[in-house]
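Report on the structure given below.
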Amino acid sequence: MENTSQRSEWVINLLIKVSGYSSILFVTLILIFLLREGLPALGVTPLSNLFGDRWYPIESYFGILPLLFGSLVVTLGALLIAIPFGIGTSVFISEIAPPWVNSVVKPLIEILAGLPSVVLGFLGIQVAAPLFREAFNLPTGLSAFTGAVLLALIATPTIVSITEDALNTVPPAYRQAALALGATKWQTIWGVTVPAARSGILTAIMLGIGRSIGETMAVMMVTGNAPVLPHGLNALVMPVRTMTATIASEMGEVANGSPHYQVLFFIGIVLFVISLGINIAASWVSLRSKTRAERVLS
Amino acid sequence: MVNPMEKIRIEHLSIRYSDGTESLRDICLSIPANQITVLFGPAGGGKSTLLRALNRLNDLADVQEVSGQILFNGVNILDPGVNVVNLRRKIGMVFSRPVVLPLSIYQNVSYGLELMGERRKSKLDEAVERALRRAALWDEVYDRLKDPASAISGGQQQRLCLARVLALEPEVILLDEPTSALDPVSTARIEGLMQEIKEQYTIVWVPHNVQQAARMADYAAFFLQGELVEHGPGETLFVKPRDQRTQDYVTGRFG
Amino acid sequence: MERSLTSARIQQRIGFSLLGLVTFATVLPVLLIIGFIIVKGAPAISWEFLTAMPRNGMRDGGILPAIIGTFYLTLGTAIFSVPLGIAAAIYISEYAPDNFLTRLIRIAIINLAGIPSVVYGLFGLGLFVLFLRLGTSILAASLTLSIMTLPVIISTAEEALRSVPQAFRTVSISLGATRWQTIWRIVLPQAMPGIITGIILGLERAAGETAPILFTGAAFFLPRLPQSPFDATMALPYHIFVISTSVPGMPIQIQYGTVLVLLVFVLGMNLIATLIRQRARARRQW
């Protein structure tokens, strides 16, 4: 009996260990399959085409610049909204608001984080787009601006939760010291607490960027599906097309293994590399600040 | 030949932690059976490290290097081939804070037996009652065995921790400052209890002050900064220590 | 001195009000969204809407196949991701030594969490649909969603396991328990509420996702319910996308009704997770 229980424990421990390593396996598998399906694009489609400024797959124009630009423009727009609102909200709930306010605000932020992006996209089409078209007198409401507003809603919960964590880990002694020197609470927040949490806030912003660039459905539904490079500052109110939306809307119609199919996978590789870069940078920033904090406090 | 009066013999034991600090240096000590052996000295002297080495709990810590031998019934328990699970059943431990498992009072006591595969209700009932009685707790809890163990007082919890160990019918009981979190009344109960049961076990006690050491010691060993300074029967060591450092500590000149 | 003190107070007063307004502006859309969808969607909800097949090019009848499909996909995701996620969290929290490989596991989990959902769709298409020849199916879509859900489950479960006091483990080991016995009898039961919360939050996300199932298992329209894991399926999120962008003349009420059903599904899970967390916190003994 001792023996069978020892053996079953050996098996359990092995299973747990294998599961522990599964994440590495999956990241590797994802990379392998993206490369396997996407890299041949480099052989078939000349680089000048691939990095050209024209996306028109029917005539074999596979320039991803307009898509890259589309992703950047909506992400940038989203951040311009989400950073002030996200950081403002986290400062308010972690430093200022009484508990009863937090018991209302925090669940609402959680609900926002849980809203499926297709629901936001739907409301974008039904409500936001017509509203913006009328308000700003535009030819169409399906534009980068509408996309940016929805993305801001999607990125805000990410920014809020990580910024709030960062603010909460600032030692109370910092605040008490500033208050003891005669600073007001307001001066303490911006002079001491927020600067002390800056690497956490930076992490929050970076993950917000990652969330925005990778978002698919909401952006695809409201940005008007126009893969063109814009010519001026009015780009924000014009229709655009992001990388994610391009994959989502065109993959269903392409023949497996065709150049178009391969280029869509190639865009997937680009997205993978971007998210990899952002996440490694973000964990590096937060790790470095953690060791610094440990040094300071010890 | 194993001395029948000797339960554990420690030979040239040195333990070094992975952060480079040396915790124990070349310890040689013999622990007599059916008595209370007290390991005492200022904090950081290596008493707890030694205690945890006796049932291989150090395996959980960042120990880098262990050398020497600990012979228990003539077998070196530091040998990698030793069955540590069986060892820990024979050498039980009570910790400084009464940590009851998040289970009922009954389950806390039956836990070790159930781990051994004992499923018969009658056997478990019997063992739980016997252990609780021996730990002088039965009369206080017999009517609420199904309550969560966290619901009883700190002193009761520590006796429950003792009952938990006794249920396994161990040969040796290790106590790591068992009364440091308790009030004087509860402390006196535990001390009295251990005096009553010591004949059937071998007890190794790390007390939390020198007065308790003097009260409890049949045999005593004084540790200072990882070194075993002096050891001997309690009545001589506390009255006429040979080493000046022991003398200073016992009389309260440092500590 | 007196003057600057009061002006600092005024500055603070204004600043606090401004941040209050910002916070209000952040959460107001949530209330508006929920309220708006309930008001516009509720009239569409009827027994028939929930239990009938779509008719007349989906412009009439019910959305049963989409509801059932989302249920199957969520269940399928749970079957794969829950055991794997819990086991992985146990490894990281209870077994893993502090070395290079463990750091690599952490980086991998962080990256899994950051990969865009549409890239999961591509991966699922490449590996499950084409390479493993599972076809566009519930199985392929569930597997894709599982891998996407894994980092959520692992990180919340790990946190729950770590919050169990170390002393319980030491005591259990000292009583002759093996590492696995300690985990199974003491650590897991204590961490369970936190783990379940994480599972629900992960599955909630999976239930609402569209992009990962676009090319791996979602069907535009099916005249009958899926019969096996190898069938494609309709699903609520994809159905919302379809009827709001690709079906001309779609009655607006059905669109809002479908959105409401998905919202109830997702927010209901969220609510359950919150309740479990609160109950566990109130009953905790340490």
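The values are calculated or read from the model by the stated rules, or taken from the named source; none is laboratory data. As the structure is a prediction and not an experimental result, all values here were calculated from the model. Neighbour counts run over all protein chains shown; Cβ positions are idealised from the backbone, glycine included. SASA here: full protein model, heavy atoms, side chains in, ligands and nucleic acids out. Shrake-Rupley method; radii C 1.70, N 1.55, O 1.52, S 1.80 Å.
Go through the stretch A:55-69 and give me each residue that's under 26 Å from the mean Cα position of the chain (by Cα) and without any contact (Cβ under 8 Å) to a residue 24 or more places away in the chain.
Scanning the stretch A:55-69 gives a single hit, A:63.
Among the numbered criteria (1) away from chain C (no Cβ under 14 Å); (2) out of contact with any strand residue (DSSP E or B) (no Cβ under 6 Å at 6 or more places or on another chain), which one does residue B:33 miss?
Single failed check for residue B:33: (2).
Residue check: is residue C:201 touching a residue at least 12 places away in the same chain (Cβ under 8 Å), within 10 Å of chain A (Cβ to nearest Cβ) and either surrounded by fewer than 19 Cβ atoms within 10 Å (Cβ to Cβ) or touching a Leu at 6+ places or on another chain (Cβ under 6 Å) (or both)?
no
Return only the number of the condition from (1) touching a Phe, Trp or Tyr at 6+ places or on another chain (Cβ under 6 Å); (2) open to solvent by 60 Å² or more (accessible area, probe 1.4 Å) that residue B:214 does not satisfy.
Just one mismatch for residue B:214, condition (2).
If I filter the stretch A:70-107 down to residues being farther than 27 Å from residue A:145 by Cβ, facing another protein chain (nearest Cβ under 9 Å) and touching a residue at least 24 places away in the same chain (Cβ under 8 Å), which single residue comes out as farthest from the chain's Cα centre (by Cα)?
A:96
Please work out if residue C:110 is farther than 30 Å from residue A:263 by Cα, assigned to a helix (DSSP H, G or I) and of a type in the set (A, V, I, L, M, F, W, C).
no
Which one of these is in contact with a Ser or Thr (Cβ under 8 Å, 6 or more places away or on another chain) and free of Cβ contacts under 8 Å to residues at least 60 places away in the same chain: B:186, B:180?
B:186
If you take the residues of the stretch C:34-47 that are hydrophobic (A, V, I, L, M, F, W, C) and open to solvent by 20 Å² or more (accessible area, probe 1.4 Å), which of them is farthest from the other protein chains (Cβ to nearest Cβ)?
C:47
In the list A:255, A:226, A:248, A:235, which residue meets the criterion of being among the small types (Gly, Ala, Ser), assigned to a helix (DSSP H, G or I) and more than 10 Å from chain C (Cβ to nearest Cβ)?
A:235
Filtering the stretch C:158-198 down to residues that are part of a loop (DSSP other than H, G, I, E, B) and surrounded by fewer than 20 Cβ atoms within 10 Å (Cβ to Cβ), which residue is farthest from the other protein chains (Cβ to nearest Cβ)?
Across the stretch C:158-198, the extreme among qualifying residues is C:163.
Which pairs do you get when a residue that is at the interface with chain A (Cβ under 9 Å from one of its Cβ atoms) and more than 19 Å from residue C:181 (Cα to Cα), found in the stretch C:84-106, comes within reach of a residue that is of a type in the set (A, V, I, L, M) and open to solvent by 20 Å² or more (accessible area, probe 1.4 Å), reach meaning Cβ atoms under 9 angstrom, with the pair 6+ apart or on two chains?
Matching pairs, first to second residue: C:85/C:152; C:85/C:199; C:101/A:24; C:102/C:96; C:104/A:24; C:105/A:24; C:105/C:96.
Residue by residue through the stretch A:1-50, note down the ones that are open to solvent by 50 Å² or more (accessible area, probe 1.4 Å), more than 7 Å from every other protein chain (Cβ to nearest Cβ) and not in a helix (DSSP H, G or I).
Result: A:39, A:46.
Please find, among C:144, C:216, the residue that is outside any helix (DSSP H, G or I) and not small (Gly, Ala, Ser).
C:216
From the set of residues in the stretch C:126-146 that are open to solvent by less than 10 Å² (accessible area, probe 1.4 Å) and over 19 Å from the mean Cα position of the chain (by Cα), which is nearest to the other protein chains (Cβ to nearest Cβ)?
Filtering the stretch C:126-146 for residues that are open to solvent by less than 10 Å² (accessible area, probe 1.4 Å) and over 19 Å from the mean Cα position of the chain (by Cα), the one nearest to the other protein chains (Cβ to nearest Cβ) comes out as C:126.
Being assigned to a helix (DSSP H, G or I) and open to solvent by 60 Å² or more (accessible area, probe 1.4 Å) narrows it down to one of B:79, B:139, so name that one.
Exactly one residue qualifies, and that residue is B:139.
Residue check: is residue C:73 in a helix (DSSP H, G or I) and open to solvent by 20 Å² or more (accessible area, probe 1.4 Å)?
Considered against the rule, which asks whether it is in a helix (DSSP H, G or I) and open to solvent by 20 Å² or more (accessible area, probe 1.4 Å), residue C:73 comes out as no.
Residues that are within 30 Å of residue B:128 (Cβ to Cβ): list the strands (runs of 3 or more DSSP E) wholly contained in the stretch B:147-255 that include at least 1 such residues.
Strands (runs of 3 or more DSSP E) meeting the threshold: B:172-176, B:202-206.
So which residues in the stretch A:159-183 are of a type in the set (Val, Ile, Thr) and buried (at least 21 other Cβ atoms within 10 Å of the Cβ), if there are any at all?
Hits for the stretch A:159-183 are A:159, A:160, A:162, A:163.
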